[in-house]
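*Asks:* Just passing along the structure, written as structure tokens.
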Amino acid sequence: KGWLIPKNAEPRLSAAIDRLRWHGITIQEVAAAVQLPVERFSVSEVAKQPRGFQGRTEARVRGGYDRAQLSVPVGSLFIPANQRLARLAFYLLEPESDDGLVAWGLIDDTIGAGRTYPIYRLTGAVPLKFK
């Protein structure tokens, strides 16, 4: 159980990944490709604040979750939900969080109406192997 950042999304999320590491959140690198059932968030609306705050343009998203099968390539990143900083990870990674990565504009290039949020939820036990 946790969150998954596919390898192909990782370069666009480098600032977000750096922020997670800066906070001390555990991130594991996937060592073997696998197909997994995930929950994905489809963005229906993005609202940005008209004025910046602390050097960032705050954003909010609306949308909904559905289930999908995801091909997870080697090098993808997994953020486990069973870690000491799980609550902080949840707060930062969930798309509708009021003070997370979306709100602080750390993944602006990857979100938009009609797009899928680039961080996926894993809600069941998953057979991942790590480096």
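*Asks:* Quick one: compute the contact order of the chain, relative version, from alpha carbon pairs under 8 angstrom and 6+ residues apart, as a percent.
*Replies:* It comes to 43 percent, rounded to a whole number.
*Asks:* What accessible area per residue, rounded to a whole number of Å², is obtained for the chain using a probe radius of 1.4 Å?
*Replies:* 55
*Asks:* P(r) for the chain, please, calculated from all Cα pair distances in 5 Å bins and given in %.
*Replies:* Reading the bins upward from 0: 2, 11, 21, 25, 21, 13, 5, 2, 0.
*Asks:* Lysines near Lys48 by alpha-carbon distance under 19 Å, same-chain residues fewer than 8 away left out - which ones?
*Replies:* Output for Lys48: empty list, no partners.
*Asks:* Something else: Considering only protein heavy atoms and a 1.4 Å probe, what is the carbon-and-sulfur percentage of the accessible area of the chain? Intermediate results must be reported in sequence, preceding the final value.
*Replies:* Working: 3440 of 7230 Å².
Solvent-exposed carbon and sulfur of the chain make up 48 percent of the total.
*Asks:* Tell me which aspartates and glutamates have Cα within less than 16 Å of Lys131's Cα, excluding those fewer than 8 residues away on the same chain?
*Replies:* Leaving aside aspartates and glutamates fewer than 8 places away in the same chain, those within reach of Lys131 are Glu29.
The values are calculated or read from the model by the stated rules, or taken from the named source; none is laboratory data. If you're wondering where the values come from, they're calculated on a predicted model, not measured in any experiment. Areas reflect the complete protein model, heavy atoms only, side chains present, ligands, DNA and RNA absent. Shrake-Rupley method; radii C 1.70, N 1.55, O 1.52, S 1.80 Å.
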